Amino acid sequence: MVDITAKLGRLKLDNPTVLASGILGVTKASLKYVASNGAGAVTMKSVTVEPRAGHHAPIILTYEGGMLNSVGYSNQGIKEAKKEFISLKDVGAPVIASITAGSKKDFAFLAEQVNEMGFAAVEAVISCPHTPGFGTMAGQGTPDSTREITAAVRDKTKLPLFVKLSPSVQGIGEVAKAAEDAGADAITAINTGGPGMIIDVKTGKPILGGTVGGLSGDALRPIAVRCVYDIYKSVRIPIIGTGGVMTGEHAAQMILAGASAVGIGTAVYYRGADVFRKVCDELQGVMKEAGYKNIYGMRGMAHEE
Amino acid sequence: MKSELPITLPVEKVIDEAEGVKSLIFRHKLDAKPGQFLMVWIPRVDLKPFGVSYLEEGSFGITVCKVGPTSEKLCRAKKGDLLGIMGPYGKPFTLEGRRIILVAGGYGAAPLFPLAEEAKKKGITTTFIIGAKSESYLIYRERAKKAGINTIITTDDGSCGRKCFTTDALEDALKAGGIDKVYSCGPEIMLKKVAELCRRHQVKCEVSMHRYMKCGFGVCGSCSVDDQGFPLCKKVVLTGEEALRIKEFGQHSRDASGTKQPFAR
Ligand SMILES: Cc1cc2nc3c(=O)[nH]c(=O)nc-3n(C[C@H](O)[C@H](O)[C@H](O)COP(=O)(O)OP(=O)(O)OC[C@H]3O[C@@H](n4cnc5c(N)ncnc54)[C@H](O)[C@@H]3O)c2cc1C
Ligand SMILES: Cc1cc2nc3c(=O)[nH]c(=O)nc-3n(C[C@H](O)[C@H](O)[C@H](O)COP(=O)(O)O)c2cc1C
Ligand code: FES
């Protein structure tokens, strides 16, 4: 029997699949629904200080290579979220709070707010590629900015702290190192790439309501695997390998590159909400065939000479 | 590999249905069944869900009730304007039984009309209860007459048909007996009443339930229902019992940010 339990620092998971932020997960009930489909942990849709309606639709498109989204951080805002995400034990899997903001001060404020809500960890997202005022559009994701935001959040929370990075940076290992130095307990890599654009040729207009959108799914996977590989070389903390994981084979690639757990988002579209269970089953098969007994023994093996 | 991208089509015809209600007809072979919906795109403006209300060989249409900025713009669309459609999404109604009743409130008649036509084609005895605030808001009265569909009209103010709620007319029919199945779409308070009446009379029913929908295909989560948490857009059409199991049914929906909005009573 292969053992697929996973560990992210002191956080123990029944299996390595983690619902990535922003795919379903907008309400407690929605998180529960995903957990009931086999996810080892679930991440809530990112919360901001104020409520946000997000970009006009279309907010999600898919094409031959993957998905583009310009959701634009729609969420209830922290005040309503504190009423929504209560008694999180009912969810049936560890719940990761996802916080995002345009400034260090707001990040610190949000970290303080989510502290006592029963979350298993908090993820600071500094990497959205398509929402003005946030992520890469706010200059976040440089080593300096990463260090500052991570330290500000670290100062306000004792929860395990994950920092979620963008692939659109030079030297992602260096950015991850800055997060580790400032007190991060794990790195989530990666957020969507691009941004990209799709134009309707009959009207001549970009289709997404936000004009541009973050790229996820199949097209992102090789980049995500490479990012995890680079980060593994730079830090000692665990990595949640996220980006284009659709199958157990893809999850295995992430673990071999250095991930301790795998984030899954876009695959919900291609394979249904029970993709978590499917990926776990397939991963066990892949591990068995390759002779790995557990995730720990498989992690980072792509780096061995 | 499947993809979700709008197909852009010119509006073929605009039909004036009632005060603030227009239908837009497109020439296109749409692979849809009664009960399914489309996401309709106004380039550079927005994309919103609308039921398929006209479904014929080689053409289809939607019926838009003016309630806000996007529906207002759709109601101003002219022949030749380019709009995009994504879908169809959701599950269709399951047509069964020998005697059925369709209960529509307001624009709820939209997804039910193609079902009435299909039922008629199959020789199923159909009664279409169409309700509105008053006569000027009533849709499909002429259309039903032309199609030979038996209707019962109800208005809140009695300006046309019976002065009562659609559910009062339904209750009378259920009491009279012999009904195999009820299908309904409209304001949620009405849907809940329909589902409860059908439960009481032990008659099967299906309701088309709506939530704020941004994607239509089960990814964004904006249509997740409490307590089960599944995305409603993957279904939309639910059995009465399924709907009654949803804790928020008739209680609240959510807006674009996900904030709860109680239904007005
Ligand atoms: C599955 C489904 C089928 C529908 N079918 C029809 C139909 O056949 N005919 C029809 O006239 N209307 C239909 N609607 C409702 C229609 O989508 C809204 O009236 C429309 O989106 C309003 O947009 P607006 O910008 O004009 O109004 P807004 O000012 O944005 O909103 C007015 C009202 O419409 C609701 N609404 C706004 N956006 C959405 C959205 N994305 N999803 C759901 N509700 C929304 C709001 O909650 C509010 O109550 C359907 C809705 C759903 C979910
Ligand atoms: C529709 C959609 C919404 C997303 N929203 C968020 C978000 O709110 N916060 C966040 O950190 N990442 C968000 N992401 C990024 C995902 O969490 C994930 O990092 C990315 O999509 C790559 O993984 P995937 O290919 O498995 O989807 C979103 C992605 C998608 C597709
Ligand atoms: S509308 Fe996006 S999940 Fe239902």
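The values are calculated or read from the model by the stated rules, or taken from the named source; none is laboratory data. Quick caveat: nothing in here was measured; it's all calculated off a predicted structure. Quick reminder, even Gly has a Cβ in these numbers, built from the backbone with ideal geometry, and neighbours come from all protein chains shown. Side chains are part of the model used for accessible areas, which takes the heavy atoms of the whole protein and leaves out ligands, DNA and RNA. Shrake-Rupley method; radii C 1.70, N 1.55, O 1.52, S 1.80 Å.
Overview of results
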item: B:LYS247 vs. criteria open to solvent by 20 Å² or more (accessible area, probe 1.4 Å) and either within 16 Å of ligand 2 (Cβ to nearest atom) or modelled with pLDDT under 95 (or both); result: no
item: Single unsatisfied condition, A:LYS104 versus (1) over 23 Å from A:LEU220 (Cα atoms); (2) open to solvent by less than 50 Å² (accessible area, probe 1.4 Å); result: (2)
item: Selection status of A:THR136, assigned to a helix (DSSP H, G or I) and at pLDDT below 95; result: yes
item: Wholly enclosed strands (runs of 3 or more DSSP E) of region A:14-78 bearing at least 3 residues under 19 Å from A:ILE190 (Cβ atoms) and over 18 Å from the mean Cα position of the chain (by Cα); result: none
item: Lone qualifier among A:PHE109, A:PHE162, A:PHE119 - being of a type in the set (Phe, Trp, Tyr) and surrounded by fewer than 20 Cβ atoms within 10 Å (Cβ to Cβ); result: A:PHE109
item: Failed item in (1) free of Cβ contacts under 8 Å to residues at least 40 places away in the same chain; (2) among the small types (Gly, Ala, Ser); (3) touching a strand residue (DSSP E or B) at 6+ places or on another chain (Cβ under 8 Å), with B:SER208 passing the rest; result: (1)
item: Residue check, B:VAL64 in contact with a helix residue (DSSP H, G or I) (Cβ under 6 Å, 6 or more places away or on another chain), outside the structural domain of B:VAL236 (by TED's automatic domain parsing) and among the β-branched types (Val, Ile, Thr); result: yes
item: Enumeration of residues in region B:256-265 that are within 12 Å of chain A (Cβ to nearest Cβ) and open to solvent by 50 Å² or more (accessible area, probe 1.4 Å); result: B:LYS260, B:GLN261
item: Residues of region A:1-53 that turn out to be crowded, with 22+ Cβ neighbours inside 10 Å and at positive phi, as a count; result: 3
item: Every residue from region B:228-244 that is at negative phi and either modelled with pLDDT under 95 or within 15 Å of ligand 3 (Cβ to nearest atom) (or both); result: B:GLN228, B:PHE230, B:PRO231, B:LEU232, B:CYS233, B:LYS234, B:LYS235, B:VAL237, B:LEU238
item: Options B:GLU206, B:GLU171: the member that is outside any loop (DSSP other than H, G, I, E, B), surrounded by fewer than 19 Cβ atoms within 10 Å (Cβ to Cβ) and among the acidic types (Asp, Glu); result: B:GLU171
item: Some residue of region A:20-29 being modelled with pLDDT of 95 or more, facing chain B (nearest Cβ under 7 Å) and out of contact with any helix residue (DSSP H, G or I) (no Cβ under 8 Å at 6 or more places or on another chain); result: yes
item: Test result for A:TYR63, at the interface with chain B (Cβ under 7 Å from one of its Cβ atoms) and away from ligand 3 (no atom under 16 Å from the Cβ); result: yes
item: Residue check, B:VAL225 within 14 Å of ligand 3 (Cβ to nearest atom), among the β-branched types (Val, Ile, Thr) and either assigned by TED's automatic domain parsing to the domain that holds B:TRP41 or more than 27 Å from A:GLU50 (Cβ to Cβ) (or both); result: no
item: Flag for B:VAL203 being more than 16 Å from ligand 3 (Cβ to nearest atom), away from chain A (no Cβ under 14 Å) and over 28 Å from A:SER21 (Cβ atoms); result: yes
item: Failed condition for A:GLY133, given (1) of a type in the set (Gly, Ala, Ser); (2) buried (at least 17 other Cβ atoms within 10 Å of the Cβ); (3) more than 19 Å from the chain's Cα centre (by Cα); result: (2)
item: Which numbered condition B:LYS234 fails, given (1) within 14 Å of another protein chain (Cβ to nearest Cβ); (2) crowded, with 19+ Cβ neighbours inside 10 Å; (3) in contact (Cβ under 8 Å) with a residue 40 or more places away in the chain; (4) under 16 Å from the mean Cα position of the chain (by Cα); result: (2)
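Results for (1) more than 13 Å from ligand 1 (Cβ to nearest atom); (2) of a type outside the set (Val, Ile, Thr), shown as yes or no for each residue.
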site	(1), (2)
B:PRO6	yes, yes
B:ASP16	yes, yes
B:LEU30	yes, yes
B:GLU56	yes, yes
B:SER59	yes, yes
B:THR70	no, no
B:ARG76	no, yes
B:LYS91	no, yes
B:GLU96	yes, yes
